[in-house]
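The values are calculated or read from the model by the stated rules, or taken from the named source; none is laboratory data. Since the structure is predicted, the reported quantities are computational estimates derived from the model, not experimental observations. FYI the Cβ positions are ideal-geometry reconstructions off the backbone, even for glycines, and counts take in every protein chain you see. When the accessible area is computed, the model is the full protein with side chains, heavy atoms only, and any ligands, DNA or RNA have been set aside. Shrake-Rupley method; radii C 1.70, N 1.55, O 1.52, S 1.80 Å.
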Amino acid sequence: MKNRSILAMAVVLAGAAAIGVAQGQTNAAFGTLLEGTRGMDNFIQEGNANWRPMGGDSIGASIGNGYLVTKESYGDFRLRAEVWVDTPANSGIFIRCQNPGDIGANTCYEVNLFDTRPGQEYATGGIVNTARVIGQPKAGGKWNVMEIIAKGPMLTVMLNGVKTAEASDPKLPQGRIALQYGNGDVKFRKVEIMRN
């Protein structure tokens, strides 16, 4: 009797898995773009920021101005980044960038990490000129997990599990990803991506 129950359960689970595959569901996994200093070959450096190892498990910058830009272009994806910034830091993650040599809010979607931004409507967690920040999240002085979901024109940002911005904007369907250093102390410990 026990063997029949196990066999029946196996059949049910196999059937559920087959239905999931038939409906286009997959168990896609995150791929690592950057972990500490591993993965730097996935990026090109733009600008003069002093990107370097910091504490063995992260890479960061504290002077200059610049970006780590992915060599690959991405359309639909889910990105997860572990990032530490001090309170005055000006950083962020730019997505769907059209030209690696021209990174900005007009050529990419700029997801901000900038607690002290003069215009607080696009401070930490907002998408500059696209989606005002929800609430007043602060990233300064601690490790944070920023998640960005880009699916067609839909863009969603979460900071530490809380939604901070959402928008529908079709102007940039794909492009590169850029990690920004603008001011203060900035460290990225892990950056992962999953294509949708």
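Give me the percent of the accessible area of the chain that comes from carbon and sulfur atoms, probe 1.4 Å, all protein chains in place.
Whole-percent figure for carbon plus sulfur exposure: 52.
Taking amide H atoms as placed 1.01 Å from N in the peptide plane, the amide H of D185 lies under 5 Å from those of D86, A89, each 5 or more residues away in sequence or on another chain. Among the trypsin sites (Lys or Arg not before Pro) in segment 45-130, those located in a DSSP loop and surrounded by at most 16 other Cβ atoms within 10 Å of their own Cβ are K71. Note that the chain presents 50 Å² accessible area per residue, ligands and nucleic acids not counted, probe 1.4 Å. Over the chain, dividing the summed -39,500 (n - 2.57) contributions of all DSSP H runs of at least 4 residues by the number of residues returns a 222 nm mean residue ellipticity of -3500 deg cm²/dmol.
Shown in residue order for segment 162-169 are the 3J(HN,Hα) couplings computed by the Karplus curve 6.51 cos²θ - 1.76 cosθ + 1.60 at θ = phi - 60°: 10, 5, 10, 6, 7, 7, 10, 8 Hz (x for Gly and Pro). When F94, F30 are compared by accessible area at a 1.4 angstrom probe, the order from most to least is F30, F94.
What does the charge count around D115 come to, taking other residues whose C-beta lies under 13 Å from its C-beta (Lys +1, Arg +1, Asp -1, Glu -1)? Neighbour charge sum, excluding D115 itself: +1.
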